[in-house]
Amino acid sequence: MTTIVIVETCVKSQTWQELTIAKINSRLVDCDSPHEHVRTRSAAIIQQEVNFCLHIGATTVLIDMPVKGNNIENFAAIINRLIA
């Protein structure tokens, strides 16, 4: 889920782009689940959240690391595809 904190409701476009940081909470997804349908849905959720960040003009996006397990290979691959 993307978290956006706004102090003012009216800001200039350049100020918005320079000072706003969008945050995606990856605790709601499990990209490295043993179940394929969970991995697929999790990848779609992350993509949707990043698309929303791009839509609102956020130039900086902070994505939380997963907290479940030690395996984050699929999560890392998804992030790598997004930044490439």
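The values are calculated or read from the model by the stated rules, or taken from the named source; none is laboratory data. Predicted model only: the values in this text are computed from it and were never measured. Note that each Cβ is placed from the backbone with ideal geometry, even for glycine, and that neighbours are counted across all protein chains shown.
Assorted remarks:
- Exclusive hit being touching a Lys or Arg at 6+ places or on another chain (Cβ under 8 Å) and outside any loop (DSSP other than H, G, I, E, B), set Val50, Val61: Val61
- Here Lys23 fulfils each of the conditions (1) over 18 Å from Gly69 (Cα atoms); (2) in a helix (DSSP H, G or I) apart from (2).
- Taking first residues from the range 23-51 that are in contact (Cβ under 8 Å) with a residue 60 or more places away in the chain and more than 15 Å from Arg81 (Cβ to Cβ) and partners that are of a type outside the set (A, V, I, L, M) and surrounded by fewer than 17 Cβ atoms within 10 Å (Cβ to Cβ), no Cβ contact under 9 Å between residues at least 6 apart in sequence or on separate chains turns up.
- The residue that is farthest from Arg81 (Cα to Cα), among those in the range 1-22 that are modelled with pLDDT under 80 and either acidic (Asp, Glu) or within 13 Å of the chain's Cα centre (by Cα) (or both), is Glu8.
- Filtered by the rule that a residue be farther than 15 Å from Arg27 by Cα, modelled with pLDDT under 90, surrounded by fewer than 13 Cβ atoms within 10 Å (Cβ to Cβ) and not aliphatic (A, V, I, L, M), the range 39-84 gives His55, Gly57, Thr60.
- Where a residue in the range 68-84 is β-branched (Val, Ile, Thr) and its partner, wherever it lies, is assigned to a helix (DSSP H, G or I) and modelled with pLDDT of 90 or more, with Cβ under 9 Å and at least six apart: Ile78/Ser42; Ile78/Ala43; Ile78/Ile46; Ile78/Gln47; Ile79/Ile46
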